[in-house]
1. Report the full-extension gain for the segment SER199 to SER234: residue separation times 0.36 nm, less the Cα-Cα distance, to one decimal in nm.
2. Considering only ILE189, VAL99, PHE6, whose Cα is most displaced toward the positive end of the charge dipole of the chain, charges sitting on Cβ of Lys, Arg (+1) and Asp, Glu (-1)?
3. Under 13 Å from the Cβ of ALA319, count the other residues' Cβ atoms, weight Lys and Arg +1, Asp and Glu -1, and hand me the total.
4. What list of whole percents do you get for P(r) of the chain, with Cα-Cα distances grouped in 20 Å bins up to the one holding the largest distance?
5. Can you put VAL188, VAL38, VAL317 in order of Cβ neighbours within 10 angstrom, beginning with the fewest?
6. Specify which residue in the list CYS256, LEU287, GLY297 is farthest towards the positive end of the charge dipole of region 246-297, using unit charges on the beta carbon of Lys, Arg (+1) and Asp, Glu (-1), about the Cα centre.
7. What residues of region 256-294 lie in the reach of a label at ILE333, counting those whose backbone N is under 17 Å from a point 7 Å from the Cα along Cα→Cβ?
8. If you average the sequence gap of Cα pairs under 8 Å that are 6 or more apart and divide by the length of region 148-234, what percent do you get for the contact order?
Amino acid sequence: MRVLLFTSSFPHYDGDTSSVFLRTFAEKIAERGAAVTVLTPGVPQGAPRERMGNIEIIRFPYFWPRFLQILTSGPLSTQVKRNPLAVIQIPFLLISGYVALRKLIQSERPDILHAHWLFPSGFIAVIYKIFNPAIPILVTAHGSDVYALRSKAGRWLTGFAARRADCVAFVSKQLEDDYGNIRMRKIVIASMGCTMPQSKPVNRSGSTIICIARLVKEKRVDAILRAFAVAAQSQKDLLLTIIGDGPERIPLQQLCAKLKLINRVTFTGSVSHDRMLTEYYANAGLLLSLSRYEGFGLIFIEALSRQIPIISTRVGVLAELTSKNIYMVSGPITPDRVSAQILSAITNGWIADEPLIYSLQKNYSWEAAVDRYMHEYEELRS
């Protein structure tokens, strides 16, 4: 089977953390015997064509000079908000993406076209399908394409893709519900996978809290800092590690200084996924998230599978899970309310929950994820 993955975001080079889950997904599909090619927009640091392990990556240019290609330097919605040049580049990306897709399909003859994100990749893919209806198209909605494009224009763009794709996969039931009532040919719930721990977690410090997030306003890391400041007054050994980077990093560091938390809070910046798994999860006693939305929320599965309690708003996959180790934040998010949950979760530690661990391994491992998508590929081919 030849599978063409078409995505607006992909690791720029070996070791890059941008949408690293898509590289893992592509590799896992290839391990099942599929010939996998990834088509993605060009980036200044990325080679036009290269192999990463058992997959081939082709990066098409969409703006000149190439060092000004900025749309794939982070989430599309974030780039558009930060840089007026990004808005100008969108039409160039759509046209160049269509030309590159058509050329590659004509040469490679894939059996399946799998686009990631309803816009721009899904949008371009279904335009191609209008003129070439024979190729089966599956589009995966990951979250930012749904939540960041809620204007009338955004809904039209994503709806154009959703109505015309042969199948739309939402990475969580919550994401499908939030997307609303749009008539689609076929809908499935199919998340990406999680790297499950290979052994039982070792004893870890319950006083270390981790926050894993892109540092943007939607993640509400400022609210996390304010809640931590209150909790830290009651428990002097509490530490907070904020893993991730983004445009809000400097304002958050300034807030940290204002709250007199410099010696209690660490900003790591971007770190590799492997390091996150082996170092930061291994030493964490609690995962804290107050995000406004998550399409799926891989960090929740990673933490729970490693027996780390979590505090979070009700977003993404958490709507599908029940456990005493999940502390939901509902109603107004205030420092006092969240800090009370922090202290409660730290005091309780991990509460044994074998049914939860079994469910996570059964439903959210990479093996389970690839099984679901390989099944959909076969269904679309038949």
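Laboratory data are not the source of any read-out in this text; all were calculated from the coordinates shown. Quantities reported herein were computed from a predicted structural model and do not represent experimental measurements. Here the Cβ is made from the backbone with ideal geometry for all residues, glycine too, and neighbour counts use every protein chain on show.
1. On the way: separation 35, 0.36 × 35 = 12.60 nm, distance 3.38 nm.
Stretched out fully, the SER199 to SER234 stretch lengthens by 9.2 nm.
2. Farthest towards the positive pole: VAL99.
3. Numbers: positive: LYS173, ARG314; negative: GLU176, ASP177, ASP178, GLU294, GLU320.
That sum, taken over residues with Cβ under 13 Å, equals -3.
4. Over the chain, the share of Cα pairs per 20 Å bin runs 28, 57, 15, 0 percent.
5. Working: VAL188 16, VAL38 23, VAL317 26.
Sorted ascending by nearby Cβ count, the order is VAL188, VAL38, VAL317.
6. CYS256
7. 256, 287-294
8. Details: 48 pairs, mean separation 17.6, N = 87.
Over region 148-234, the number comes to 20 percent.
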